Amino acid sequence: MQKPRAEPLEEIVLNVGDQHTLSLTNRFSGKFIEDGYTLRDVKPDKINVVSRNDFKAYIITARETGTTTFYIIARNPAGSTPLEVDVTVI
């Protein structure tokens, strides 16, 4: 078994107060044993990130102008892989 691989993601640009739905369908390849994903480095002063549909999507809400990067981590017994999510709030 190989650890998951993340498909690259384009930068997300939002206005303050806007929301974006980030689907995780086909974002990672590989066989998953563990359910769900882990978030890392979310800056709650810039964005709010909430899981939806049993971790099949995340809702990103822009809170304050600026740029931020957070990670969605997928794991299986072979290891873990982060998906880098770059967000610019204008």
Within the under-11-Å Cβ sphere about V85, not counting V85, Lys/Arg +1 and Asp/Glu -1 give a net charge of -3
Taking chymotrypsin sites (Phe, Trp or Tyr not before Pro) as exposed when in a DSSP loop with at most 15 other Cβ atoms inside 10 Å, the chain has its longest clean stretch at 56-90
Filtered hits (lysines, Cα-Cα < 19 Å from K3, offset >= 8 within chain) -> K31, K56
Among the GluC sites (Glu not before Pro) in the chain, which ones are in a DSSP loop with at most 12 other Cβ atoms within 10 Å of the Cβ? Mind listing them? E10, E11, E34, E64
How many Å² of accessible area per residue for the chain, probe 1.4 Å? 61
Given the protein chains as shown and a 1.4 Å probe, how many square angstrom of D41 are accessible, to the nearest 10? 70
The local net charge around P8, scoring Lys/Arg +1 and Asp/Glu -1 for residues other than P8 whose Cβ lies under 13 Å from its Cβ, equals -3
At a probe radius of 1.4 Å, what is the per-residue accessible area of K31, in Å² to the nearest 10? 130
With a 10 Å cut-off between alpha carbons and a GNM built on the chain, which of R75, R63, R52 moves the most? R52
Over the chain, what relative contact order in percent results from Cα pairs under 8 Å that are six or more residues apart? 41
Please report the net charge: other residues with Cβ closer than 9 Å to the Cβ of G30, K and R +1, D and E -1. +3
Taking mean projected area of the Cα convex hull in nm² straight from the coordinates, which label in [x] 10.7; [y] 6.3; [z] 5.2 is the correct one? [z]
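The values are calculated or read from the model by the stated rules, or taken from the named source; none is laboratory data. Keep in mind that what you see is a predicted model, and the values were worked out from it rather than measured. All Cβ positions, glycine included, derive from the backbone under ideal geometry; neighbour counts span all protein chains shown. Note: areas computed on protein heavy atoms with side chains; ligands, DNA, RNA excluded. Shrake-Rupley method; radii C 1.70, N 1.55, O 1.52, S 1.80 Å.
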